[in-house]
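Remarks on the structure that follows.
The values are calculated or read from the model by the stated rules, or taken from the named source; none is laboratory data. Here the structure is a predicted model, which means the values were calculated and not measured. Glycine gets a Cβ as well: all are built from the backbone with ideal geometry, and neighbour counts include every protein chain shown. Quick note on the areas: whole protein, heavy atoms, side chains included, nothing else; ligands and nucleic acids left out. Shrake-Rupley method; radii C 1.70, N 1.55, O 1.52, S 1.80 Å.
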Amino acid sequence: MDWSSFSLSNAAGFIKGPGKQFDEMLRSAATEIVVGSITIDPKPGNPGNVYDLQDDGTSVNALGLPNPGLEFIKEHMRHMHEQAVRAGKKLYYSVAGKKPEEYVFLAKSLLACNDRIELNLGCPNVWGAGKQEPIASFNLEIITEILEQLERQQLRQPFISVKLSPYSDPNMIPMVAAVLRRHHHLVKRVVTCNTFPNGRAMSGGKLKTDMPKGYGGVGGNAMHSIALGQVAQFTEELHGSGIEVVGVGGINSGERLKNMLGAGARSAQIGTHYYEHGAQVFSDILQEAV
């Protein structure tokens, strides 16, 4: 593997903007930094204890997209861009909306510094009025509408990543890949995969957390084999399209990073392991992998 062409970053959900975590990523061995997910209005996230790490390294979370909102990020984005450029890192903003127009508005607003956008179409942890919000990844019409609206904007030098949920129905993967192929001039990467929806953190027959109705997205160790399968299937379906596959799920060692590459990923993201151990994990894992 030619590691000089390989990209490695944190997964979305843990860096909310400028601050200690962002600064640590600037000094890390990661080649990219993902900020957000960002929503139009500030979100405090779901209240209470909404994260659990199990003994085997599996995580369950219902963070609920906590972030300071678009206006705050816009105030700081030029400085963050300059810092990333000086550190030699690419900067991505993960964005999340409730309807296509919100994704488009967020993307247009955050492309001003020529950084990159990751459309978070797979967050399962957003609740309102006691009801779980729909997950865009499972609706082909919504995915299509978001990308078509972005195409109509004629964005200057757009670089769009699409982050998707894991698909337990394998028949959906070629259908989603076909939508992405139709927009290959806009979509440069597919990030697979987000957390598996509606897992539970329990011990002794009882819930361990305050997650809404007890449900959270499953990540970390339990997701590794699932993510490898998603990477392999999307790699096959997107062959020749120019769309790169980014693997994310359960990467906590050099061996697992090589697994992702073997499945077809050309880049990778680390979520749970980064959240638990900080930015040092990028150098540790790369040293193990080489």
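Looking at Tyr51, Tyr92, which one is touching a strand residue (DSSP E or B) at 6+ places or on another chain (Cβ under 8 Å) and open to solvent by 10 Å² or more (accessible area, probe 1.4 Å)? Outline the logic, then answer.
Details: Tyr92 fails: open to solvent by 10 Å² or more (accessible area, probe 1.4 Å).
One residue alone meets the criteria, Tyr51.
The residues of region 69-83 that are touching a helix residue (DSSP H, G or I) at 6+ places or on another chain (Cβ under 9 Å), closer than 26 Å to Gly122 by Cα and touching a residue at least 40 places away in the same chain (Cβ under 8 Å), listed by number, are Leu70, Ile73, Met80.
Does region 271-282 include one or more residues that are part of a loop (DSSP other than H, G, I, E, B), hydroxyl-bearing (Ser, Thr, Tyr) and open to solvent by 10 Å² or more (accessible area, probe 1.4 Å)? Step through it out loud before you land on a result.
Going through region 271-282, the residues part of a loop (DSSP other than H, G, I, E, B) turn out to be 271, 278-279.
If we keep only those that are hydroxyl-bearing (Ser, Thr, Tyr) as well, we get none.
No; the residues of region 271-282 include none that is part of a loop (DSSP other than H, G, I, E, B), hydroxyl-bearing (Ser, Thr, Tyr) and open to solvent by 10 Å² or more (accessible area, probe 1.4 Å).
Taking the criterion of being in contact (Cβ under 8 Å) with a residue 24 or more places away in the chain, surrounded by fewer than 16 Cβ atoms within 10 Å (Cβ to Cβ) and part of a loop (DSSP other than H, G, I, E, B), the only residue of region 162-180 that qualifies is Pro170.
Out of the residues in region 225-241 that are in a loop (DSSP other than H, G, I, E, B) and in contact (Cβ under 8 Å) with a residue 40 or more places away in the chain, which is farthest from the chain's Cα centre (by Cα)?
Within region 225-241, the subset in a loop (DSSP other than H, G, I, E, B) is 238-241.
If we keep only those that are in contact (Cβ under 8 Å) with a residue 40 or more places away in the chain as well, we get 238, 241.
On the way: Leu238: 19, Ser241: 21 Å.
The selected residue is Ser241.
Residue count for region 6-42 under the criterion of being free of Cβ contacts under 8 Å to residues at least 60 places away in the same chain and open to solvent by 60 Å² or more (accessible area, probe 1.4 Å): the result is 4.
For region 107-161, a residue qualifies if it is surrounded by 14 or more Cβ atoms within 10 Å (Cβ to Cβ), of a type in the set (Gly, Ala, Ser) and not in a helix (DSSP H, G or I), and the qualifying residues are Gly122, Ser161.
When residues of region 260-270 are filtered for being farther than 20 Å from Ser168 by Cα and either open to solvent by 30 Å² or more (accessible area, probe 1.4 Å) or without any contact (Cβ under 8 Å) to a residue 40 or more places away in the chain (or both), how many remain? Write out each step before concluding.
Residues of region 260-270 farther than 20 Å from Ser168 by Cα: 261-262, 266-270.
Going one step further and asking which of them are either open to solvent by 30 Å² or more (accessible area, probe 1.4 Å) or without any contact (Cβ under 8 Å) to a residue 40 or more places away in the chain (or both), we end up with 262, 266.
Count: 2.
In region 242-256 there is at least one residue that is touching a residue at least 24 places away in the same chain (Cβ under 8 Å), out of contact with any Lys or Arg (no Cβ under 7 Å at 6 or more places or on another chain), open to solvent by 10 Å² or more (accessible area, probe 1.4 Å) and in a helix (DSSP H, G or I). Of note, Ala268 does not satisfy the criterion of being outside any strand (DSSP E or B) and at pLDDT 95 or above.
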